[in-house]
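I have a structure here, written as structure tokens, and I will follow up with some questions on it.
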Amino acid sequence: MKRLVVTADDFGLSLEVNEAVEQAHREGILTAASLMVSAPAAADAVARARRLPSLRVGLHLVLVEAWPTLPAAALPDLTDAAGLMRRDMERLGLDLALRPAARRQLAAEIRAQFEAYGATGLPLDHVNAHKHFHVHPLIAGAVLRIGRDYGMRALRVPREPREILRRAEPGANPRAALDTAPWAALLAVRARAAGLLIPDRTLGLAWSGAMHPARVAGLLAQLPEGLTELYTHPATGGGFAGEAPGYAYASERDALIAPEARAAAERAGAVRGGFSDFLG
């Protein structure tokens, strides 16, 4: 059986993102969204989600580049001078390995974000992390341990088969995620051992920020058996705090509502929903 979860990341980042998420769910193929609980438009995102009970919402853990949930003063090893989570992921990953204080702060921040999500009253459909930082083994361990206390039942594992991309767009040379592939494979083993539902594959990694209508339709036309997550970054436009440079936000929104994408999703014959719709 083909099963498909179409996710929007960064729900709550801005009103532009939230508007696109609502539109793409009402008018298009979007089935799920991942909430940044401490982002500027998080309250608006929660209000929209309450009006959209068929939209499956999960937690988008922010451990890099954006707003923490705890005060920055409580996270001196994880935050920068502006009070945001650090951007230097490689150095931060090393600090987590070498500094017990950094690991304690990490665990406290992860728990605070789960607590904040629980306070919304929204069912927890899934968990993932900004920039897929949860593939880091120490972060993965903390997420698996803490998430169990908050009813986490599904987790994104960012693995993308390049052969699907080549078939979807002949002649393309999509970049490989070789630097994270071993960690993603390890995360898959650990998540399954913890009894979590994970996707068999995640589409949107190589072309993150460039999932235009023809590309999404092409990927859906190559949809294999099993559980696929196709994730996107829709917004009605750019120019908001926290945006990723070069991302074609409106084009990604269009990809979720375009007639060719809707038709491709129908032709694929996949059962669509959130992760919670596919739990055994």
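Check which residues have an amide H placed less than 5 Å from Val127's amide H, if you skip close sequence neighbours.
So Val127 has HN proximity to Leu59, Ala154, Leu155, Arg156.
List the GluC sites (Glu not before Pro) within the stretch 167-269 that DSSP assigns to loop and that have no more than 13 neighbouring Cβ atoms inside 10 Å. Before the final figure, lay out the partial values.
Details: sites: Glu225, Glu229, Glu243, Glu252, Glu260, Glu266; in loops: Glu225, Glu243.
Loop-located and lightly packed - Glu225.
Restricting things to alpha carbons, tell me how big the stretch 176-280 is in terms of Rg and Dmax, in Å.
Using the Cα atoms of the stretch 176-280, the pair Rg, Dmax is 15.2, 42 Å.
How much of the accessible area of the chain, probe 1.4 Å, is carbon plus sulfur, in whole percent?
54 percent
In the stretch 2-97, which trypsin sites (Lys or Arg not before Pro) fall in coil by DSSP and have 14 or fewer other Cβ atoms within 10 Å?
Working: sites: Lys2, Arg3, Arg26, Arg48, Arg50, Arg51, Arg56, Arg86, Arg87, Arg91; in loops: Arg86, Arg87.
The qualifying sites are Arg87.
Could I ask something else about it? Check which residues have an amide H placed less than 5 Å from Thr79's amide H, if you skip close sequence neighbours.
Placed amide hydrogens put Arg86 under 5 Å from Thr79.
Given an 8 Å cut-off on Cα distances and at least 6 residues of separation, report the relative contact order of the stretch 102-211 as a percent. Don't jump to the answer; show the numbers that get you there.
Details: 105 pairs, mean separation 32.0, N = 110.
Across the stretch 102-211, relative contact order equals 29 percent.
Å³ per residue of the Cα convex hull, for the stretch 21-63? Can you show the working numbers first?
Details: hull volume 2.8 nm³, N = 43.
Hull volume normalised by residue count: 64 Å³.
Helix 259-268 versus the longest principal axis of the chain: what is the Cα-based angle in degrees, 0 to 90, to the nearest 10?
Here the helix axis deviates by roughly 90 degrees.
Using the Karplus curve 6.51 cos²θ - 1.76 cosθ + 1.60 with θ = phi - 60°, work out ³J(HN,Hα) for each residue of the stretch 5-20 in order, rounded to whole Hz, and write x for Gly and Pro.
10, 10, 10, 10, 7, 6, 4, x, 5, 7, 5, 4, 5, 4, 4, 5
Hey, what's the chain come to in accessible area per residue, 1.4 Å probe, Å²? The partial results should precede the final answer.
Values: 11320 Å² over 280 residues.
In whole numbers, the chain has 40 Å² accessible per residue.
On a 0 to 90° scale, report how tilted helix 42-51 is relative to the longest principal axis of the chain, with both axes built from alpha carbons and the result rounded to the nearest 10.
Here the helix axis deviates by roughly 40 degrees.
Taking 0.36 nm per residue of separation and subtracting the Cα-Cα distance, what length does fully extending Arg87 through Ala73 add?
Working: separation 14, 0.36 × 14 = 5.04 nm, distance 1.70 nm.
Gain on stretching Arg87 to Ala73: 3.3 nm.
Among Thr7, Ala47, Leu84, whose Cα lies farthest out toward the positive end of the dipole of the stretch 1-141, if unit charges sit on the beta carbon of Lys, Arg (+1) and Asp, Glu (-1)?
The residue sitting farthest along the positive end of the dipole is Thr7.
Now a separate question. Please compute, over every Cα-Cα pair in the stretch 1-154, the percentage with a separation greater than 20 angstrom. Numbers along the way, then the final one.
Values: 5499 of 11781 pairs.
Taking all Cα-Cα pairs of the stretch 1-154, the fraction more than 20 Å apart is 47 percent.
Within the stretch 201-238, which residues have the backbone N less than 20 Å from the label spot 7 Å out from Arg166 along Cα→beta-carbon, could you tell me?
Counting only backbone N, you get 201-208, 215-216, 218-225.
Relative contact order for the chain using alpha-carbon pairs under 8 Å, separation at least 6, rounded to a whole percent?
On the way: 545 pairs, mean separation 73.8, N = 280.
It rounds to 26 percent for the chain.
Over all pairs of distinct alpha carbons, what does the Kirkwood formula give as the hydrodynamic radius of the stretch 2-278, in Å? All intermediate terms of the calculation are to be shown ahead of the outcome.
Values: mean 1/r = 0.0537 Å⁻¹.
Mean inverse Cα-Cα distance, inverted, gives 18.6 Å.
The values are calculated or read from the model by the stated rules, or taken from the named source; none is laboratory data. Keep in mind the model is a prediction, meaning the values are calculated, not measured. Please note: Cβ atoms are built from the backbone with ideal geometry, for glycine as well, and neighbour counts cover all protein chains shown. Note: accessible area is taken over every heavy atom of the protein model, side chains too, but ligands, DNA and RNA are not part of it. Shrake-Rupley method; radii C 1.70, N 1.55, O 1.52, S 1.80 Å.
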